[in-house]
Structure formats: structure tokens, C-alpha cells
Amino acid sequence: MIVEAKHLQKRFGPIVALDDVNIKIPEGLTLILGPNGGGKSTFMKLALGLYRPTGGEIRLLGRNPWKEANVRKNVGVSFDPPALPKFVSGREWLSFLAEAKGVDAEEEIAKVSEMFNMGAFLNRRIDRYSSGMLKRLSIAQAFIGEPKVVFLDEPLANIDFESAGQIISILAEKKEGGTSFIVISHIWEPFMELADYVVVLSAGKVYLAGGAEEVRGSLEKLFKSPKSFHRGLS
Ligand SMILES: Nc1ncnc2c1ncn2[C@@H]1O[C@H](COP(=O)(O)OP(=O)(O)OP(=O)(O)O)[C@@H](O)[C@H]1O
Ligand SMILES: [Mg+2]
């Protein structure tokens, strides 16, 4: 299993962000869907060991990510909104990450720069990037060092049509090569073709989870009418 949660709970003071979440995320590509505030990004941060569960437990590649930071060596992550330093160039930021991971910076940067078409702006200071450039850099960072598991929070936010297509094909290619993905996205349809497993988190609970083919019908119903979606989810 890539991620396994048992009776997972996360509270922020009075806010219950996740409540009694039980899921087993297998290898391959998993899509996490659900309305705003559903708990998706919180789940990702718990899986990465950035947050400590209030209750229950979470495992990443069979280990406790809060206690065994080492497990993160196998992981890449892109946050939403992109969390990047302002006053360095994209290249300097990627170098920093490559060095922290102990991989060859020049080689890794060349690879991801080509993958995400970043040559034109990689040497510019990050505070001068457009939203789409920020997004591309933040996705590229997740691929530094060829991690086994890649977490992407809203990879298509602020991305133009053409780049969205490119990102989907990169995921398809990397998935073919054995990388597992956990993708959080409101724009879910383009990922369905690649998805092996789907989890819908709503109001901190698992509303639906299962194999992509198995849940396709329920998902289509859920998203067809936003009204019934929210009624169904409340
Ligand atoms: N650091 C935090 N401190 C306090 N409350 C938080 C924090 N992070 C998240 N929350 C709350 O936890 C709940 C779940 O938030 P989360 O960001 O996980 O949702 P999400 O599913 O990612 O939503 P979105 O689709 O809007 O990104 C929300 O009510 C949110 O306000
Ligand atoms: Mg979120």
C-alpha cells in the first residue's frame, strides 16, 4: 500500500478537518476529489508527515511518516497554492531540493525543465513568475530525484489548455515507468483515464472510495448536478 489510514482524525482547535477516515491507497494513480474544505489537502499533509494526526493512524509506504522522516526520501510533493521562496530563481530552488535529496542537481534540473518546458523562465526570480509558471515549477519540484510516490495538489489550477494536456501525458508516462501518484483535483475528468483508485472526501469523511471503474457511475451522478452533489454530501 502507498498510504493507509485507520480511524484517522485531524482537528484544528474546534474544526474537525478529518474524522474517522479509513482508506487503503494502492499503487498506481489515485484521485482524491471532493468539495472545498473536504479535508483533501489536510489528508495529503498527514500522509507526508507534515501534520501529526489528532487520532488514529496513517502509514506512508508502510511507515509512520511523522516519526520516520526517512520514508520521505521516496516522495515528491507539489502544494496548492504553490509554496515557493520569492527571492531566488526557479533553478536555485530546484538545486536546493536536489541537493537536499542527495541527487545530481544539474542532471535533475535539466530533466524536469524539459518535461515542464521551463527553459524560458527557470533563471528568473520566482516573484516575477506568472501563476502558470509558479504552478509548473511547483509541479516540477515533485519530480526531482525520480521519487517512487508523487503527491500533486491541484496540478491543473492556473494551467493553460495546452500545458494541461502535457501534464497529463507526463503523468501517464511516469505511471507507466512505475511511479505512483496521489492527485487532488477539482478538474477530475482528464485524470479518470489514468486513475486506478478514487477517493471522495467530503466534510472530513470518506464519501466514496473504490477502483476507478467501479466508482465511475457514482462520480458522474455526483458531479452532474452540483445541487444534488452538495445535498448528497451534506
Ligand atoms: N492549518 C489549518 N488550521 C486550521 N484549520 C485548517 C487548517 N488547514 C485546514 N483547515 C480546515 O480544515 C478543513 C479541511 O481543509 P482542507 O484544506 O484539507 O480542505 P480541501 O479539501 O483541501 O479544500 P480545497 O478544495 O478548498 O482545497 C477546512 O475546514 C479548513 O478550514
Ligand atoms: Mg486543498
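Residues whose amide H lies under 5 Å from that of Ser202, counting only those 5 or more places away or on a different chain, are Tyr207; hydrogens are built 1.01 Å from N in the peptide plane. Look at the dipole of the chain built from charges on Cβ: of Ile23, Ala110, Pro147, the Cα furthest out on the positive end belongs to Ile23.
Within the shell of other residues whose beta carbon sits under 12 angstrom from the beta carbon of Ala157, the net charge comes to -2, with Lys and Arg scored +1 and Asp and Glu -1. Considering helices alone, the calculated mean residue ellipticity of the chain at 222 nm is -10500 deg cm²/dmol, with DSSP H runs of length four and up weighted by -39500 (n - 2.57) and normalised per residue. Listed values for region 171-176 are Karplus-derived 3J(HN,Hα) couplings in whole Hz (6.51 cos²θ - 1.76 cosθ + 1.60, θ = phi - 60°), namely 4, 4, 5, 5, 5, 4, and x replaces Gly and Pro.
For region 199-215, 3J(HN,Hα) computed residue by residue from phi via the Karplus equation (6.51, -1.76, 1.60; θ = phi - 60°) reads 10, 10, 9, 9, 6, x, 10, 6, 8, 7, 8, x, x, 4, 5, 5, 9 Hz, glycine and proline entered as x. Here region 129-168 is scanned for amide nitrogen atoms under 19 Å from the site 7 Å beyond the Cα of Asn70 along Cα-to-Cβ, giving 147-149.
The modelled label-to-label distance between Glu114 and Arg216, using points 7 Å beyond Cα along the C-beta direction, is 3.5 nm. For the listed residue pairs Lys101/Lys174; Lys67/Lys111; Lys10/Lys101; Lys6/Lys40; Lys45/Lys135; Lys73/Lys175, the alpha carbons are over 22 angstrom apart in Lys67/Lys111; Lys10/Lys101.
Between Leu29 and Phe181, Asp196, Tyr197, the built amide H atoms are under 5 Å apart, and every one of these is 5 or more places off in sequence or on another chain. Under the criterion of Cα pairs below 8 Å and six or more residues apart, the relative contact order for region 67-193 equals 31 percent. Close amide H partners of Gly56, meaning residues 5 or more places away or on another chain with modelled amide H under 5 Å apart, are Gln9.
Couplings 3J(HN,Hα) of region 46-58, computed from phi: 5, 5, 7, x, 7, 10, 9, x, 6, x, x, 8, 9 Hz, in residue order, whole Hz [Karplus 6.51 cos²θ - 1.76 cosθ + 1.60, θ = phi - 60°; x for Gly and Pro]. The Cβ shell under 10 Å around Leu18 holds other residues with a net charge of +2, Lys and Arg each +1, Asp and Glu each -1. Averaging the sequence gap over all C-alpha pairs within less than 8 Å and six or more residues apart, then dividing by the number of residues, gives region 3-233 a relative contact order of 26 percent.
Local charge for Glu57 was computed over the other residues whose Cβ lies under 13 Å away, with Lys and Arg +1 and Asp and Glu -1, and equals +4.
Quick note: the coordinates plus some simple rules give every number you see, no bench work behind them. Source: prediction; values computed, not measured. In this analysis, Cβ positions are derived from the backbone assuming ideal geometry, glycine residues included, and neighbour counts consider all displayed protein chains.
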